[in-house]
1. Kindly check whether there is at least one residue in segment 79-91 that is in a loop (DSSP other than H, G, I, E, B) and in contact with a Lys or Arg (Cβ under 7 Å, 6 or more places away or on another chain).
2. Write out, first by first residue and then by second, each pair whose Cβ atoms fall under 8 Å of each other, whose residues are 6+ apart or on separate chains, and whose first residue, in segment 64-92, is under 17 Å from residue 4 (Cβ atoms) and without any contact (Cβ under 8 Å) to a residue 24 or more places away in the chain while the second is of a type in the set (Gly, Ala, Ser) and not in a strand (DSSP E or B).
3. Say whether the condition of being crowded, with 16+ Cβ neighbours inside 10 Å and farther than 30 Å from residue 123 by Cα is met by at least one residue in segment 58-71.
4. Quick check: is even one residue across segment 37-58 touching a Leu at 6+ places or on another chain (Cβ under 8 Å), touching a residue at least 12 places away in the same chain (Cβ under 8 Å) and β-branched (Val, Ile, Thr)?
5. Kindly indicate whether residue 26 is among the small types (Gly, Ala, Ser), open to solvent by less than 70 Å² (accessible area, probe 1.4 Å) and at pLDDT below 95.
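The values are calculated or read from the model by the stated rules, or taken from the named source; none is laboratory data. Quick caveat: nothing in here was measured; it's all calculated off a predicted structure. Because the Cβ atoms are built from the backbone with ideal geometry, glycine has one as well, and the counts that use them run over all protein chains shown. Ligands, DNA and RNA are excluded from the accessible area calculation, which covers all protein heavy atoms including side chains. Shrake-Rupley method; radii C 1.70, N 1.55, O 1.52, S 1.80 Å.
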Amino acid sequence: QVQLVESGGGLVQAGGSLRLSCAASGRTFSRYAMGWFRQAPGKEREFVAAISGSGGTTYYADAVKGRFTISRDNAKNTVYLQMNSLKPEDTAVYYCAAGDTFPYSRAEAYDYWGQGTQVTVSS
């Protein structure tokens, strides 16, 4: 069982930055790929970024490529999402997830989910 707790969301102006964190419980954190998804009001949950268990491979949605960076610290059981050059369309609840199947861009690949953290980008 893995429990995930996100933090770091908030209100920021367009062009600003935020760093989200996701702390995981358990001793097997490094066996899981970690993903970030987001869901805006009235829209389906969408893939944002993912990182392999070792941290050696990362994946990004086209909408965030070049602006967001996913990373992880397996010693701290934590995954991060650095978000730069934020846009109003990035406004959503952001969720982290843990899983061990491909493809990492699909929500079905993940077994554990956090409760989400709100990110609001004002224009």
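1. Our first condition is that a residue be in a loop (DSSP other than H, G, I, E, B); within segment 79-91, this holds for 84-87, 91.
Still in the running and in contact with a Lys or Arg (Cβ under 7 Å, 6 or more places away or on another chain): 84-85.
Yes, segment 79-91 contains at least one residue that is in a loop (DSSP other than H, G, I, E, B) and in contact with a Lys or Arg (Cβ under 7 Å, 6 or more places away or on another chain).
2. 71/55
3. Within segment 58-71 (the criterion being crowded, with 16+ Cβ neighbours inside 10 Å and farther than 30 Å from residue 123 by Cα), the answer is no, since none of the residues qualifies.
4. From segment 37-58, those touching a Leu at 6+ places or on another chain (Cβ under 8 Å) are 48-49; that's our starting set.
Narrowing the set further to residues that are touching a residue at least 12 places away in the same chain (Cβ under 8 Å) leaves 48-49.
Still in the list and also β-branched (Val, Ile, Thr): 48.
Yes, segment 37-58 contains at least one residue that is touching a Leu at 6+ places or on another chain (Cβ under 8 Å), touching a residue at least 12 places away in the same chain (Cβ under 8 Å) and β-branched (Val, Ile, Thr).
5. On the way: among the small types (Gly, Ala, Ser): yes; open to solvent by less than 70 Å² (accessible area, probe 1.4 Å): yes; at pLDDT below 95: yes.
Against the criterion (among the small types (Gly, Ala, Ser), open to solvent by less than 70 Å² (accessible area, probe 1.4 Å) and at pLDDT below 95), residue 26 qualifies.
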